[in-house]
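Here the structure comes first, spelled out in structure tokens, and everything after it is commentary.
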Amino acid sequence: MSIKISVIGTGYLGATHATCMSSLGFEVVGVDVDPKKIESLSQGIIPFYEPRLEELLQTELKSGRLTFSTDFSAIKECDVHFICVGTPQIANGIAADRTYVFAALDAIAPVIKDGSLVVGKSTVPVGTAAELRDRLLKINPKTDLAWNPEFLREGFAVEDTLNPTRLVVGVANHLAEETLRKVYSKNLADQTPWIVADLPTSELVKVSANAFLATKISFINAMAEVCEAAGGDVTVLAKAIGYDPRIGSRFLQAGIGFGGGCLPKDIRAFMARAEELGAEQALEFLREIDSINLRARSRMIDLVRRDLSEDLRGKKIAVLGAAFKPDSDDVRDSPALDIAVQIQGAGAHVTVHDPKAIHNAEARFPALNYADTIETCVADAELVLHLTEWKVYREIDPLKLLGLVANPTIIDGRNALDRELWRAAGWQFRALGRSEN
Ligand code: UDX
């Protein structure tokens, strides 16, 4: 018997998961309370930018395996129900808001058939899965709940979903593992590592992985601060330590730090949960990780101030990049936009360019100026800031921009541009963590 799947919540995670599960041959229904999302997905339009996803969505819709609905009764024939709703930071604190996961469970629990399995994929505070399982079993004792955290990166969502680095399944019951083995049989055949855990460990795997990644980035940004003070170069330092396989070279890109919808809120929610559990001391270091990260933004602004003799009023500054990282149109907690807004607040005239995120940036910060092309963005600029490392910015010919700007100075906030190339073309080139500022 083939497995039928439902996906509850069709945001970033859910839309990707539903589409990818369909591409593996499953019949999938995606459900969301937001009629706009469902309407858009049903028409083959992804309401955000993610490479490869829209094309795959259209193929899967045509196959007839993938449908979307706002009606929860559409899931009643499904065998496995993935909960993919968001857990944003609460408005008045650092904890995660669990409202949507509980609402999702309450909406599906009375509808799902006996023998079906609910699988949480959302990033939740440890203990949530057990609570949800108790709640589900009270309503329908002939069902079960497992946890299967998602590690997808924006910009690589399809690849990460279809070919994950590992699959982690938190189960309270052997039957749940058997069902998940069937869902992921293709990955198992491809030798994807399969890790079976209890519910709390599976929840912790996700937040601890993000805490580790955040720590790695803040570590190199702390080294950038020391390099600046000591006259060193953090890019050379990162390269040198990265050759040690125990350290590894990835996530050692010093710059304006991490942002987005996951790392910042996940480390904060992790601290909040540890405190509730009486383990706050264990995660005290994450407070420092968070402050190093936010300090990277201030250090960038300091460099800007220094370059413009401390007075930003009326200065024309071009900002290349608005998304929190390249290959994404996501501007949630974007370090690039945060810096642009702060500089504008100090009196500068800031013009922002981004290949994909202008629409979202404009909706959030309408007071900034936006440009459609790199050339119009930098026109007459007294200073250019490189804040999101899109490939198109690495491909800029600095000679071509030279005649457009009022003053050829660029600050690389991502340590991703070729310094020698820019200098050879006649630019003043500065960067975070490199001594020749
Ligand atoms: C992250 C995790 O990587 C992913 O596994 C999890 O499922 C969700 O959160 P994502 O938010 O898509 O994914 O972004 P990621 O690629 O991790 O980058 C996060 C931020 O760190 C970006 O702002 C990026 O610019 C920054 N970063 C990353 C650095 O500043 N330096 C680096 O070396 C790497």
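Could you check, for segment 273-296, whether at least one of its residues is away from the ligand (no atom under 16 Å from the Cβ) and crowded, with 23+ Cβ neighbours inside 10 Å?
Within segment 273-296, one or more residues are away from the ligand (no atom under 16 Å from the Cβ) and crowded, with 23+ Cβ neighbours inside 10 Å.
What residue, among those in segment 320-334 that are charged (D, E, K, R) and closer than 25 Å to ALA381 by Cα, is nearest to the ligand (Cβ to nearest atom)?
Ranking the candidates gives LYS325 first.
So if I check each of LEU180, LEU175, LEU167, LEU188, which one is within 16 Å of the ligand (Cβ to nearest atom) and out of contact with any Gly (no Cβ under 8 Å at 6 or more places or on another chain)?
The unique qualifying residue is LEU167.
Inspect segment 345-361 for any residue being within 16 Å of the ligand (Cβ to nearest atom) and in a helix (DSSP H, G or I) and give the result as yes or no.
Scanning segment 345-361, I find at least one residue that is within 16 Å of the ligand (Cβ to nearest atom) and in a helix (DSSP H, G or I), so the answer is yes.
Each row is one residue, and each column tells you yes or no for (1) surrounded by fewer than 14 Cβ atoms within 10 Å (Cβ to Cβ); (2) touching a residue at least 60 places away in the same chain (Cβ under 8 Å); (3) not in a helix (DSSP H, G or I).
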position: ASP160; (1), (2), (3): no, no, no
position: GLU177; (1), (2), (3): no, no, no
position: LYS186; (1), (2), (3): yes, yes, no
position: ILE195; (1), (2), (3): yes, no, yes
position: GLU203; (1), (2), (3): no, yes, no
position: VAL207; (1), (2), (3): no, yes, no
position: PHE212; (1), (2), (3): yes, no, no
position: ALA229; (1), (2), (3): yes, no, no
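Please specify each residue of segment 369-426 satisfying the condition of being free of Cβ contacts under 8 Å to residues at least 60 places away in the same chain and β-branched (Val, Ile, Thr).
The answer is THR373, ILE374, THR376, VAL392, ILE396, ILE410.
Is it true that some residue in segment 250-269 is away from the ligand (no atom under 13 Å from the Cβ) and part of a helix (DSSP H, G or I)?
yes
Test ASN415 against the criterion of being surrounded by fewer than 18 Cβ atoms within 10 Å (Cβ to Cβ) and either of a type in the set (S, T, N, Q) or not assigned by TED's automatic domain parsing to the domain that holds ALA254 (or both), and give yes or no.
Taking the combined requirement at face value, the residue does not satisfy it.
Those residues that are in contact (Cβ under 8 Å) with a residue 40 or more places away in the chain and more than 19 Å from the chain's Cα centre (by Cα), I need them from segment 87-99; list them, please.
Once the filter is applied, which keeps residues that are in contact (Cβ under 8 Å) with a residue 40 or more places away in the chain and more than 19 Å from the chain's Cα centre (by Cα), segment 87-99 yields only GLY93.
Pairs only if they're at least six apart or on different chains, beta carbon under 6 angstrom, first in segment 319-337 and under 12 Å from PHE258 (Cα atoms) and touching a residue at least 60 places away in the same chain (Cβ under 8 Å), second near the ligand (Cβ under 9 Å from one of its atoms) and outside any loop (DSSP other than H, G, I, E, B); list them, first residue then second.
ASP333/PRO264
I need the full set of residues from segment 126-158 which are more than 14 Å from the ligand (Cβ to nearest atom), part of a helix (DSSP H, G or I) and either of a type in the set (Gly, Ala, Ser) or farther than 18 Å from GLU178 by Cβ (or both), in order please.
THR128, ALA129, ALA130, GLU131, LEU132, ASP134, ARG135, LEU136, LEU137, LYS138, ILE139
Assess whether ALA238 counts as being in a helix (DSSP H, G or I), in contact (Cβ under 8 Å) with a residue 24 or more places away in the chain and surrounded by 15 or more Cβ atoms within 10 Å (Cβ to Cβ).
no
The values are calculated or read from the model by the stated rules, or taken from the named source; none is laboratory data. In this text, all values refer to a predicted model and were calculated from it rather than measured experimentally. Ideal geometry is used to build each Cβ from the backbone, glycine not excepted, and the neighbour counts take in all protein chains shown.
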